[in-house]
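Below is one structure, written out as structure tokens; comments come after it.
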Amino acid sequence: MGFSPQQVRAMSMWQFIAAVEGWVRFHAPPSDKDGALSEADKQMLFEQIKSGA
């Protein structure tokens, strides 16, 4: 996404998730309905962030 590690550390979790959603929406293939993360993808991302993975 182009953020430095320092920029990521300075973000709240919600800011980072919003950035990920925007990045996915922008880079999604045209066949994707709207490029948004599914609820399952959001939950998986949240769990990975929470666990520090």
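The values are calculated or read from the model by the stated rules, or taken from the named source; none is laboratory data. If you're wondering where the values come from, they're calculated on a predicted model, not measured in any experiment. Cβ placement follows ideal geometry from the backbone for every residue including glycine, while neighbour counts extend to all protein chains displayed. Note: areas computed on protein heavy atoms with side chains; ligands, DNA, RNA excluded. Shrake-Rupley method; radii C 1.70, N 1.55, O 1.52, S 1.80 Å.
The table that follows gives values for the structure above.
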{"quantity": "Close pairs (7 angstrom Cβ cut-off, 6 or more residues apart or separate chains): touching a residue at least 12 places away in the same chain (Cβ under 8 Å) in region 4-27, open to solvent by 50 Å² or more (accessible area, probe 1.4 Å) anywhere", "calculated": "13/49; 16/8; 19/1; 23/1"}
{"quantity": "Condition met for residue 26 (at pLDDT below 90, aromatic (Phe, Trp, Tyr) and either in a helix (DSSP H, G or I) or open to solvent by less than 90 Å² (accessible area, probe 1.4 Å) (or both))", "calculated": "yes"}
